[in-house]
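What follows is one structure encoded as structure tokens, with my remarks underneath.
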Amino acid sequence: MIKLIKCEFMKTRRRYVFLTALTVTAAMLAWIYPRHQSADLIRLGWMANLYELPLINSIFMPLLSIIVSSRLCDIEHKGVMLKQLAVTKKRSQIYDAKLIYGLIIMIFCLILSWGMTITFGYIAGFEGEVPIRLYLLYFLFTATPTIAVYILQHTLSLCFKNQGVTFFSGTIGTFLGALSLFFPQLPWLRRILVWGYYGALSFVGLFGWTKENRYKQAHFEVMGIDRNSFIILLFICIAMYIIGREIFKRKEL
Amino acid sequence: MNEIVKTAGLTKLYKGVAAVSDLNMSVRKGRIYGFLGPNGAGKTTTLKMLLSLIRPTNGEIEIMGRRMEAKSRIEILRNIGSLIESPSFYGHLTGAENLRILQTLLDVPKMNIDKVLKIVRLDNQRSKKASAYSLGMKQRLGLAGALLAFPKLLILDEPTNGLDPAGIQEMRELIKSLPTQFGMTVIVSSHLLSEIDQMAEDIGIIAKGKMMYQGKLEDLHNIDRNKSLEEIFLDLTGREQSL
Ligand SMILES: Nc1ncnc2c1ncn2[C@@H]1O[C@H](COP(=O)(O)OP(=O)(O)OP(=O)(O)O)[C@@H](O)[C@H]1O
Ligand SMILES: [Mg+2]
């Protein structure tokens, strides 16, 4: 398996997949870089982050998944390489190696952006210490939906020659997932699509925000952590992995 | 055990239509087997089934005395080199880098890369990107990949596709040398008898998914002494198809 992953690395020479991923991450970080924040938001900064970031992640991470997975897979389609690979290695190994390589890139970008948001907090001078346990939980609740989305995109990219399929379904999903975050009164909505779980797993609520006073009397609170959603999501991950791998194994090349 | 490939009742249906039907193929060890048939006869489909790239609807495949099954598949395939339809390669990598990846996957010595590049006479183009190769060079790179593990069995699907006459001649000489030089068995498909008759010892003629003739090439003459090989071939495959 190590060999196969090494081959994945060799294949991506001059493809700048990693660089592309870093560029997208940088764009996201530029987006959330703290600028002219009100004193109130600096006071509430750490918690405000946990409140706002899930929405941003729900847009950027799926888009990054589309880009990384299709960049890794389209070289196979372009060079009609799958039929060559399939006679040297087990299909399941081919599927796994590429998935692992893609996930390494995704997780790296995720850790980078996670670390940078904390750094940004210190730069902006957020009040108090970073609530590290909540931030770790937030990392877990960002990584898991990202893995689920990535497995889906990976399967689509690998099985469809036309990467338009990947882009199209990925973008629609991202849009619907982000949209579901705007309907907190309909919590089941976020559980239907994998893209919605960034919202389903967000655990910070905003209270006391008004149009006139804005954040003056507002505060953020940790609400219940949605264990059920997390468990459902884990099952979705496993199911999508098994199904995706099986589809690839049966594919006629 | 003189047969390296044997199929029994091999069938592939696409939406109920047979692309290959009830095919009994038999390839002898150490021979060059020409697999002949007009366009759409089912050559590629058959060869893909031999390589487990597609699933037979029916029938059995035995290679090197072992039945092709999910368990034994990869082990059997280790001994087979193949080039199906168009050659496979990563366009953004050089010829040598392409082979390096295959070499890693196949777990064969690194020096095989130099050996096969020499055999296909691509050694002075090794550092050029594969996307910048000419069609003939791509074809040769594909062949190099198929040879990389020095397999016992080589399956080549229309390897002379897109080559100029000199390239065809060269490919033919190369293929002819493989059984004696490396003890390989070669299955080579083509839709032209004239391409095959100078290298194949045995042939199988397929038309509309059915095996019309299988045996020694020289025995094909005996079907009708008054006709040329070309005419016999056309009779077997149905004249109207080959026009
Ligand atoms: N994926 C597929 N779906 C449906 N039909 C197919 C598929 N692949 C092949 N066929 C059909 O099977 C038949 C045999 O095709 P095949 O590619 O094996 O022919 P061939 O002998 O290799 O021809 P050629 O000399 O043109 O390469 C054709 O009628 C073709 O249309
Ligand atoms: Mg063909």
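Every read-out reported here was derived from the displayed coordinates using simple, explicitly stated rules and does not represent laboratory data. Owing to the predicted nature of the structure, the values given are computational and were not obtained by experimental measurement. Neighbour counts are summed over all protein chains in view; Cβ atoms, including those assigned to glycine, are modelled from backbone coordinates with ideal geometry.
Pairs of Cα atoms in the protein assembly as shown fall into 10 Å distance bins, from 0 up to the last occupied one, in shares of 4, 17, 23, 19, 13, 10, 7, 4, 2, 0, 0 percent. Each residue, B:Glu231 and B:Ala132, gets one label point 7 Å from its Cα in the Cβ direction; the gap between the two is 5.3 nm. Based only on the alpha carbon positions, what is the Kirkwood hydrodynamic radius of segment A:1-119, in angstrom? Every distinct Cα pair counted, the radius reaches 16.2 Å. For segment A:7-22, 3J(HN,Hα) computed residue by residue from phi via the Karplus equation (6.51, -1.76, 1.60; θ = phi - 60°) reads 5, 4, 5, 4, 5, 8, 4, 6, 9, 6, 5, 5, 5, 4, 4, 5 Hz, glycine and proline entered as x. Once the Kirkwood radius over Cα pairs is known for chain B, the Stokes-Einstein relation at 25 °C and 0.890 mPa s delivers a diffusion coefficient of 133 µm²/s. Remark: segment A:69-80, residue by residue, has Karplus-estimated 3J(HN,Hα) of 5, 6, 5, 6, 8, 5, 5, 5, 6, 4, x, 6 Hz, where x stands for each Gly or Pro and the curve is 6.51 cos²θ - 1.76 cosθ + 1.60 at θ = phi - 60°.
Pair-distance distribution of segment A:2-250: all C-alpha pairs, bin width 5 Å, starting at 0; shares per bin in whole percent are 1, 6, 13, 17, 18, 15, 11, 8, 5, 3, 2, 1, 0, 0.
In this structure, B:Val17 and B:Glu85 have a Cβ-Cβ separation that, at R0 = 25 Å, corresponds to a calculated FRET efficiency of about 0.80. Site pair A:Lys216 and B:Asp123 shows an inter-label distance of 8.4 nm when each label is modelled 7 Å from Cα along Cα→Cβ. Evaluate the distance, in nm, between pseudo-label points positioned 7 Å from the Cα of A:Tyr122 and of A:Arg15 along their respective Cα→Cβ axes. With each label placed 7 Å out from Cα toward Cβ, I get 3.6 nm. Rounded to the nearest Hz, the phi-derived 3J(HN,Hα) couplings of segment A:238-253 under the Karplus curve 6.51 cos²θ - 1.76 cosθ + 1.60 (θ = phi - 60°) are 5, 4, 5, 5, 5, 5, x, 5, 5, 4, 5, 5, 8, 5, 8, 10, where x marks glycine and proline. Using only Cα coordinates, the Kirkwood hydrodynamic radius of segment B:1-123 works out to 16.4 Å. Between A:Lys90 and A:Ile243, the contour length at 0.36 nm per residue exceeds the Cα-Cα span by 53.5 nm. Rule-of-thumb check for segment A:122-231: C-alpha Rg over 2.2 N^0.38 Å? So the Cα radius of gyration is 1.31 times the expected 2.2 N^0.38 Å. From most to least packed by mean Cβ count within 10 Å, the peptides A:2-11, B:137-146, A:122-131, B:196-205 give B:137-146, B:196-205, A:2-11, A:122-131.
Would you mind calculating the relative contact order of segment A:2-250 from Cα pairs under 8 angstrom and at least 6 residues apart, reporting the percent as a whole number?
Computed value for segment A:2-250: 28 percent relative contact order.
With Rh defined as the Kirkwood radius, the inverse of the mean 1/r over Cα pairs, the Rg/Rh of segment A:174-253 is 1.19. Provide the net charge surrounding A:Ser157, with neighbours chosen by a C-beta distance below 15 Å and charges set as Lys +1, Arg +1, Asp -1, Glu -1. After counting each charged neighbour, the total is +4.
Our helix-only sum for the protein assembly as shown, with -39,500 (n - 2.57) per DSSP H run of n ≥ 4 divided by its residues, gives a mean residue ellipticity at 222 nm of -17500 deg cm²/dmol.
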